[in-house]
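Working notes, beginning with the structure itself.
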Amino acid sequence: MLESDGRPQGPLTIRLQVNGEERKGEVEGRTTLADFLRDQLGLTGTHLGCEHGVCGACTVLLDSRPARSCLVLAASAEGSLVETVEGLARKGELSRLQRAMWDSHSFQCGFCTPGFLIQAAALLAENPSPTEVEVRCALSGNLCRCTGYESIVRGVMAAVEGPEPAGAGPR
Ligand code: FES
Ligand code: FES
C-alpha cells in the first residue's frame, strides 16, 4: 500500500549486516540508522549529539566508509555492511587502536570517543601508517568538547607507531 505521495505506507522491513551479523528490523521511512542501531539493536555505543551531521559522535562504517548515522535513513542502509564501535573489539579484546587510545587517555567524558574510534579505524584501514597531519585531517570533522584533541591524536599515533600493546587484538 502506498501513501498519496507514493511513499510506502507503514513500517518497512530492512535487513543488513551489523558487526558481522545478519540483523533485521521494522522501521518507519523517517527512522535514522542511528536510531535503528540504538533503539532496535541496543548498540548504544553509537552516540547522538547534534543529530545534524555536525559533531561526528554518531559515526559508523557503512560499507567500509565512515558515515554520520544520524543523517542516514535506516531504510536506505538495507543490504549494507555496518560496523559500529561495538564491532572493533574481537572476542572481548580491545583492538590495537582502542588499547592505544585507552593507554593515551584519549578521552575525558567519552561522549565523542566512539565517533573518533570509528573515524580513526577507517583511516588506519586505508592508510596503516599515516602522518600526524594525516591523522589530524582525518579527524578534523569530529568534535570533542573536553580534550583539546591532543590526547586523541597522540592515541591514534600510538596505535601507528607504538609497540604492540599487550593483549591487543587486530586494529
Ligand atoms: S549526532 Fe550525528 S553528526 Fe552529531
Ligand atoms: S571526551 Fe568529552 S566530548 Fe570528547
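Where a number appears in this text, it was derived from the coordinates with a stated rule and is not lab data. This is a predicted model, so every value here is computed, not measured. FYI the Cβ positions are ideal-geometry reconstructions off the backbone, even for glycines, and counts take in every protein chain you see.
One table, with the values for the structure above:
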| item | result |
| --- | --- |
| Number of positions in the stretch 39-65 that are within 11 Å of ligand 1 (Cβ to nearest atom) and of a type outside the set (D, E) | 14 |
| Flag for V85 being aliphatic (A, V, I, L, M) and either farther than 28 Å from T31 by Cα or touching a Lys or Arg at 6+ places or on another chain (Cβ under 8 Å) (or both) | no |
| Long-range neighbours under 7 Å by Cβ, at least six apart or interchain, first residue within 16 Å of ligand 1 (Cβ to nearest atom) within the stretch 101-117, second part of a helix (DSSP H, G or I) | P114/V85; F116/L139; F116/I152; L117/V85; L117/L97; L117/Q98; L117/M101 |
| Criterion: within 28 Å of T32 (Cβ to Cβ), more than 16 Å from ligand 2 (Cβ to nearest atom) and over 17 Å from the mean Cα position of the chain (by Cα) - qualifying residue of A121, A75, A159, A67 | A75 |
| Top-ranked residue in the stretch 122-149 [being in contact (Cβ under 8 Å) with a residue 60 or more places away in the chain and assigned to a loop (DSSP other than H, G, I, E, B); ranked as nearest to T84 (Cα to Cα)] | N142 |
| Answer residue from the stretch 91-118, given it is in a loop (DSSP other than H, G, I, E, B) and small (G, A, S) and is nearest to ligand 2 (Cβ to nearest atom) among those | G110 |
| Residue among R154, R99 that is surrounded by 17 or more Cβ atoms within 10 Å (Cβ to Cβ), more than 18 Å from the chain's Cα centre (by Cα) and basic (K, R) | R154 |
| Answer residue from the stretch 137-148, given it is out of contact with any Ser or Thr (no Cβ under 9 Å at 6 or more places or on another chain) and more than 16 Å from L97 (Cβ to Cβ) and is nearest to ligand 1 (Cβ to nearest atom) among those | L143 |
